[in-house]
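Engineer: Have a look at this one before I ask anything.
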Amino acid sequence: MKGLGGTHDEAIAEAGGGKSNEKNNYDNRPEFVNKSGVIRAHGFQNRAGDNLSFSVPKDGVTHEQADTMRRAAAQGFMRNGTLNIERADVGAETKDQLSKQKSFPRGGDVDQ
């Protein structure tokens, strides 16, 4: 599967999902992830080190997607970082059930 490049706004618009942030502050990224089955990946660095975050569709991921996530989490730079995985439909009240965080991750931590 081809990855979408650029900003989230550009990637969603390119894939036919429209602008991700409408004037009424509606964020359609969760809906786009859930309807299209794509995984939203976001890497960043802060004082705690490297971070890799995935938003996955509420219906789950394919074997190929899980394998790609495992390989990304197994990268050497992540050894001292943090892996974050959440379902795209996570909310404040479901954060503990639908999201997980793992420090010093290995590839197999994706499966948890």
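The values are calculated or read from the model by the stated rules, or taken from the named source; none is laboratory data. If you're wondering where the values come from, they're calculated on a predicted model, not measured in any experiment. Note that we place each Cβ from the backbone using ideal geometry, even for glycine, and neighbour counts take in every protein chain shown.
Engineer: Does Arg79 satisfy being over 12 Å from the mean Cα position of the chain (by Cα) and of a type in the set (D, E, K, R)?
Structural biologist: Against the criterion (over 12 Å from the mean Cα position of the chain (by Cα) and of a type in the set (D, E, K, R)), Arg79 qualifies.
Engineer: Separate question: Go through segment 48-88 residue by residue and tally those that are under 14 Å from Val38 (Cα atoms), touching a strand residue (DSSP E or B) at 6+ places or on another chain (Cβ under 8 Å) and part of a loop (DSSP other than H, G, I, E, B).
Structural biologist: Residues in segment 48-88 being under 14 Å from Val38 (Cα atoms), touching a strand residue (DSSP E or B) at 6+ places or on another chain (Cβ under 8 Å) and part of a loop (DSSP other than H, G, I, E, B): 3 in total.
Engineer: Sticking with this one: Of the residues that sit in segment 91-112 and are assigned to a loop (DSSP other than H, G, I, E, B) and in contact (Cβ under 8 Å) with a residue 12 or more places away in the chain, which one is surrounded by the most Cβ atoms within 10 Å (Cβ to Cβ)?
Structural biologist: Pro105
Engineer: Among the residues of segment 25-64, what is the count of those that are surrounded by 15 or more Cβ atoms within 10 Å (Cβ to Cβ), among the polar types (S, T, N, Q), closer than 19 Å to Leu83 by Cα and over 11 Å from the mean Cα position of the chain (by Cα)?
Structural biologist: The number of residues fulfilling the criteria is 1.
Engineer: In segment 1-41, which residues are modelled with pLDDT of 85 or more and in contact with a Ser or Thr (Cβ under 6 Å, 6 or more places away or on another chain)?
Structural biologist: Within segment 1-41, Val33, Arg40 qualify.
Engineer: Assess whether Ala66 counts as being among the aliphatic types (A, V, I, L, M), within 19 Å of Arg29 (Cβ to Cβ), touching a residue at least 24 places away in the same chain (Cβ under 8 Å) and touching a helix residue (DSSP H, G or I) at 6+ places or on another chain (Cβ under 7 Å).
Structural biologist: It is false that Ala66 is among the aliphatic types (A, V, I, L, M), within 19 Å of Arg29 (Cβ to Cβ), touching a residue at least 24 places away in the same chain (Cβ under 8 Å) and touching a helix residue (DSSP H, G or I) at 6+ places or on another chain (Cβ under 7 Å).
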